[in-house]
Amino acid sequence: MTTNSSEGYTLKRLRSYDSNNPKSIKFAVKDIVYDVTDSDSFQRKGPYEMFSGRDSTYCLAKMSMSPHDVGKDTSGSLTEKEIEDLNGW
């Protein structure tokens with residue numbers, strides 16, 4: 001897995017790097033974009049496919065695997081404990 005700065009990545013641009021594009025899959029956490037192309041987990045039918053091409057910060061903070069939580073805004077919605085857990089990643 002390689003790390004890229006989030007510079008130049010909008011949420012719309014990030015969406016183009018989902019599992020429909022198996023040659024380049026990325027996801028974001030805490031404003032950092034990760035290249036997870038080589039991970040089978042983010043490919044189609046992988047356990048983390050729902051995070052492909054998305055910002056997964058909220059899900060990691062809440063320890064949620066709910067597709068409804070992927071991409072949710074974290075501002076003002078996290079407890080101190082969730083922020084601490086998120087910073088542990």
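Numerical summary
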read-out	value
Reach of Lys12 by Cα under 24 Å, taken over lysines that are not fewer than 8 positions away in the same chain	Lys23, Lys26, Lys30, Lys45, Lys62, Lys72
Chain lengthening between Asn21 and Ser39 when straightened (0.36 nm per residue, less Cα-Cα)	5.2 nm
Rough spin-label spacing in nm, given labels placed 7 Å along Cα→Cβ, for Trp89 and Met63	1.4
q = 0.12, 0.15, 0.18, 0.22 Å⁻¹, the chain: log10 I(q)/I(0) [Debye, one scatterer per Cα]	-0.33, -0.52, -0.74, -1.07
Sum of -39500 (n - 2.57) over DSSP H runs of 4+, divided by residues of the chain (222 nm, nearest 500)	-5000 deg cm²/dmol
Length-normalised contact order of the chain in % [C-alpha pairs under 8 Å, at least 6 apart]	23
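Since every read-out is calculated from the coordinates, none of them should be taken as a lab result. The shown structure was predicted, so the numbers you read here are calculated from the model rather than taken from an experiment. Heads up, the Cβs are rebuilt from the backbone with ideal geometry, glycines too, and the neighbour counts pull from every protein chain shown.
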